[in-house]
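Taking it in order: structure first as structure tokens, then the write-up.
The values are calculated or read from the model by the stated rules, or taken from the named source; none is laboratory data. Worth saying up front: this structure is predicted, and the values here are computed from it rather than measured. Cβ atoms come from the backbone with ideal geometry, glycine included; neighbour counts cover every protein chain shown. When the accessible area is computed, the model is the full protein with side chains, heavy atoms only, and any ligands, DNA or RNA have been set aside. Shrake-Rupley method; radii C 1.70, N 1.55, O 1.52, S 1.80 Å.
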Amino acid sequence: IAGDWSSDVCSSDLFPSHDNSAVAIAHVERWVNIQVIKDYEQVAPIVVVDAVAWWEPKIEGPVDLSEVKKWIVNLRREGFNIGLVSFDRWQSFDIQQELKAVGIKTDTVSVAKKHYEDLAMMIYEERIAMPMIPLLLEEMSELKIMKNNRVDHPRKKSKDLADAVCGAVLS
């Protein structure tokens, strides 16, 4: 793992009873000029997704969110300068308060169609590097835009890792 750790962002997608709970960490590697139209350039980031972790609910019960919190806090112990941890709205209040209590800045970010469109553009422009995790790639390839303009997954599938990566990259 290399890069400027001053801008690390973690994003969590928490739904401990039915789905996976996922965390992704990303940072901006560098900034580049990209040509938008003939005579106009724009500065855009090259982003590296450093890690994706996820926890699956067990038959005995839901994901223990204290494990997720420990993983995030351990990142800081290992030298990651975590700038922000963003969460979706689902059951994130308590874990956000616990992270704030140990000096980690948090925010609530609901990943929406616009975020996924921006992520798709980064992929298209080859401005993102991420781990080749089969579950993550499967989730991303199966995303659908629904009638209500919401990004969702097929029945009996998930998008927990994709949401975490999207949130980390675009927070």
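Side notes on the structure shown:
- Applying a threshold of 28 Å to the alpha-carbon distances of Lys100/Lys156; Lys105/Lys156; Lys105/Lys159; Lys38/Lys114 flags Lys100/Lys156; Lys105/Lys156 as lying beyond it.
- Only the Cβ atoms of Lys and Arg (+1) and of Asp and Glu (-1) were treated as charged; on that basis the dipole of the chain about its Cα centre amounts to roughly 360 debye.
- Here the extension length gained between Asp94 and Lys113 equals 4.2 nm, from 0.36 nm per residue of separation less the Cα-Cα distance.
- Beta bridges per DSSP with both ends in the chain, % antiparallel, nearest 5: 70 percent
- Each residue of the stretch 76-88 is assigned a 3J(HN,Hα), and the resulting list reads 5, 4, 7, x, 6, 8, 6, x, 7, 10, 9, 10, 6 Hz, derived from the Karplus form 6.51 cos²θ - 1.76 cosθ + 1.60 (θ = phi - 60°), x at Gly and Pro.
- For the stretch 95-103, putting each phi into the Karplus relation 6.51 cos²θ - 1.76 cosθ + 1.60 with θ = phi - 60° gives couplings of 5, 5, 5, 5, 5, 4, 5, 9, x Hz, in residue order, rounded to whole numbers and with x for Gly and Pro.
- Listed values (i) 16.2, 60; (ii) 18.6, 56; (iii) 15.9, 54 include one computed from this model; for Rg and Dmax of the Cα atoms in Å that value carries the label (i).
- The chain, accessible surface, carbon-and-sulfur percent (1.4 angstrom probe): 52 percent
- Taking amide hydrogens as placed 1.01 Å from N in the peptide plane, the amide H of Val32 sits under 5 Å from those of Ala44, Ile46, each at least 5 positions away in sequence or on another chain.
- Take the Cα of Ile123, step 7 Å toward its Cβ, do the same at Ala101, and the gap between the two points is 3.8 nm.
- Neighbour-limited loop hits for GluC sites (Glu not before Pro), the stretch 87-144 (at most 10 other Cβ within 10 Å; DSSP other than H, G, I, E, B): Glu126
- Extended-chain gain in nm, criterion 0.36 nm per residue less alpha-carbon gap, Gln42 and Val73: 7.6 nm
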